[in-house]
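Everything below concerns the one structure shown next.
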Amino acid sequence: MGAPRLGGAKTGLMGWLVLVSLAVAGQAVAEEPSVSGGRVIDRVVAVIENQVLTLSELEFEARVTLVQLGGMRAAEAPLDEQTLQKALELAIGHRLLVAGADRLQAFQAERSEVDARLRSFRERFESEPALLAFLARHDADLEQLTAVLERGVRAERILDSRIRLRAQVSEAEVRRYWEEHKATLGGPYESVREALKEKLVRESYHQLAKEEFDKVRASARVRRVAPFAREAQP
């Protein structure tokens, strides 16, 4: 059974930690010695504003995100191309959002927010050794994980500042939705009102987030390199 797929745009997503040099245009690779004495080939998947994103980095970010969402099987299970495509688009969007904030020296993450995110991530694992084993499998450490989570906190704050108010729905919109679907919803309006409002806000937020990502990508220099990455272009 495949790994769980990434969900909507508003998730605890994070930026990349290790940037490698692009060896050649097109199908470039980065190489390093492995424990067995061979070589580990790490394919470049995209170049975002002159910063290189490799397959190993993308897989690590995707797994961290999925673990945050409760998909613990993603800590070890293979990731399919659809999952990597979605992870890539989110990684690009979040990197660009944070890069823009850096230029303005804005939206710094509060230490307490990052610590809370790290604590929550730790609690997903049955023990500290299990967490460290997960990191070791991906050539990462706690410092790198913390940096990833901090990027996610900042990106979420930036996105929230831009679309939270616009994502709100009126009482009239909630009532109208109920009128159109009451035959299948069951119960009186007041009994389902809060759940409907939450659903409509979530859907609105998701759509606005997608539009915001499309906007920042459209004005940035992004080159997708790997075959599945090129397929992921909007």
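Along the positive direction of the dipole of the range 95-234 (beta-carbon charges: Lys, Arg +1; Asp, Glu -1; about the Cα centre), which of I163, S191, V222 reaches farthest?
V222
For the range 170-234, give the magnitude of the charge dipole about the Cα centre (Cβ charges: +1 Lys/Arg, -1 Asp/Glu; no others), in debye to the nearest 20.
Result for the range 170-234 is approximately 540 debye, rounded to the nearest 20.
Quick one: dipole size for the range 100-234, taken about the Cα centre, charges +1 on Lys/Arg Cβ and -1 on Asp/Glu Cβ, in debye to the nearest 20.
580
Could you state the accessible area per residue of the range 92-215 in Å², with a 1.4 Å probe and every protein chain left in place?
On a per-residue basis, the range 92-215 sits at 59 Å².
What FRET efficiency comes out for the pair Q108/T184, r = Cβ-Cβ distance, R0 = 41 Å, nearest 0.05? Let's see the in-between values first.
Details: r = 46 Å, r/R0 = 1.12.
The formula returns an efficiency of 0.35 here.
Quick one: dipole size for the range 81-165, taken about the Cα centre, charges +1 on Lys/Arg Cβ and -1 on Asp/Glu Cβ, in debye to the nearest 20.
Dipole size: approximately 360 debye.
Name the lysines eligible as straight-distance cross-link partners of K86: C-alpha to C-alpha under 19 Å, and not fewer than 8 places from it in the same chain.
Cross-link targets: K10, K210, K215.
So, how do all the Cα-to-Cα distances of the range 161-234 break down into 10 Å bins, in percent, from 0 on up?
Percent of pairs per bin, in order: 17, 33, 22, 17, 11, 1.
Provide the FRET efficiency to the nearest 0.05 for the L118-K210 pair, computing r from the beta carbons and using R0 = 35 Å. Intermediate values should be presented prior to the final figure.
Details: r = 28 Å, r/R0 = 0.80.
Plugging the Cβ-Cβ distance into 1/(1 + (r/R0)^6) gives 0.80.
Treating cross-link reach as a plain straight distance, find the lysines whose alpha-carbon is under 26 Å from the alpha-carbon of K182, omitting any fewer than eight places away in the same chain.
K182 reaches K197, K199.
The values are calculated or read from the model by the stated rules, or taken from the named source; none is laboratory data. As the structure is a prediction and not an experimental result, all values here were calculated from the model. Here the Cβ is made from the backbone with ideal geometry for all residues, glycine too, and neighbour counts use every protein chain on show. Ligands, DNA and RNA are excluded from the accessible area calculation, which covers all protein heavy atoms including side chains. Shrake-Rupley method; radii C 1.70, N 1.55, O 1.52, S 1.80 Å.
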